[in-house]
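Colleague: Pasting a structure below so you can have a look.
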Amino acid sequence: MKTAIVTDTNCGISQARSKELGIFMLPMPVILDGKEYFEGVDLTHGQFYDRLESGADASTSQPAPGDVLSTWESVLSQGYDEIVHIPMSSGLSASYQTALGLADEFRGKVRVVDNHRVSVSQYDGVMDAIGLVAQGKSAVEVKESLERTGLESVIYLGVDTLKYFKKNGRCTAATAALGTVLNIKPLLKCDGARFDAVAKVRGAVNCRKKLLETAVAAAEVLRHGGSISIGVAGSFVDKAEEDAWYEEVKAAFPGDPTHFEPLSFSVICHTGPNAFGLGISRRVAL
């Protein structure tokens, strides 16, 4: 039985990297001033940041059902017997529910996973799936393993500005204005269902410090009974800032495996450029 893995660009894996890993990638659509683009296909992260900072109206949507179906059909035509499909969390998008309905047409050849993850934690789920397939596990077995550990992950995220929260209706104009004056940086947490504010900190340096303190404590809980992975994420315009954040996180988690992936367009639409975060994931025992 030959099993393929399909995911979407919300996991932070680039098109080039997906080919290296031997998996298949659905690019997520983003709408800029009424025109549709696809992440990593006809719009780079740098171009996206430029458009956002110039005031472009941005929104995201799930992949079109036709694109999902054509991707699956193409994969199966390449000699694969079955597919493990790993979309972003059902708590954050309708992509999972849509894919689940479409999979009915494939009579068991496509297994859709609700891994309850996005960004770097979704990345870790994809890497677990790669390892399980390499062990000879079936699509059903991979789905069961990923869903069993799916909720054992958490993401913390800090933003540089409240401007994009205001544009997306996640805070009022008055709150955004006050936050700008007082240099308030919200610290967000996502456990698979939604992003919620867990603290409001004055200044980016203090927000990063609070994020790391909170994440280190959460890691100690997740570490019991299994191995964890630390995924570092961001939407940095300056590569030096990205590298500095990565090194800061690695120093806070000595001995734990770490990796960096850029935030996906779906997340950046709400955070804007220069957001910083990390995810902690319980890994499937391989």
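Colleague: Among the residues of the range 232-286, which ones are surrounded by fewer than 19 Cβ atoms within 10 Å (Cβ to Cβ) and within 22 Å of Asp42 (Cβ to Cβ)?
Modeller: Across the range 232-286, the qualifying residue is only Val237.
Colleague: Given the options Ser95, Ser74, name the one that is polar (S, T, N, Q), in contact with a Pro (Cβ under 6 Å, 6 or more places away or on another chain) and modelled with pLDDT of 90 or more.
Modeller: Ser95
Colleague: I'm trying to understand the selection: among the residues of the range 38-69, which are crowded, with 18+ Cβ neighbours inside 10 Å and under 23 Å from His85 (Cβ atoms)?
Modeller: Correct list: Glu39, Gly40, Thr60, Gln62, Pro63, Val68.
Colleague: With Leu92, Leu100 as the choices, which residue is open to solvent by 50 Å² or more (accessible area, probe 1.4 Å), out of contact with any Gly (no Cβ under 7 Å at 6 or more places or on another chain), within 29 Å of Asp196 (Cβ to Cβ) and touching a residue at least 40 places away in the same chain (Cβ under 8 Å)? Explain how you work it out, then say what you get.
Modeller: Values: Leu100 fails: touching a residue at least 40 places away in the same chain (Cβ under 8 Å).
Step by step, each of Leu92, Leu100 is checked, and only Leu92 is open to solvent by 50 Å² or more (accessible area, probe 1.4 Å), out of contact with any Gly (no Cβ under 7 Å at 6 or more places or on another chain), within 29 Å of Asp196 (Cβ to Cβ) and touching a residue at least 40 places away in the same chain (Cβ under 8 Å).
Colleague: What's the total number of residues in the range 14-35 that are on the phi < 0 side of the Ramachandran plot and loosely packed, with under 13 Cβ neighbours inside 10 Å?
Modeller: Final tally of qualifying residues: 4.
Colleague: Looking at the range 122-132, can you tell me whether even one residue there is crowded, with 23+ Cβ neighbours inside 10 Å and at pLDDT below 95?
Modeller: Scanning the range 122-132, I find no residue that is crowded, with 23+ Cβ neighbours inside 10 Å and at pLDDT below 95, so the answer is no.
The values are calculated or read from the model by the stated rules, or taken from the named source; none is laboratory data. Just so it is clear, the model here is predicted, and its values are computed rather than measured. Using ideal geometry, Cβ is built from the backbone for each residue, glycine included, and neighbour counts are taken over all protein chains shown. With ligands, DNA and RNA removed, areas are computed over all heavy atoms of the protein, side chains included. Shrake-Rupley method; radii C 1.70, N 1.55, O 1.52, S 1.80 Å.
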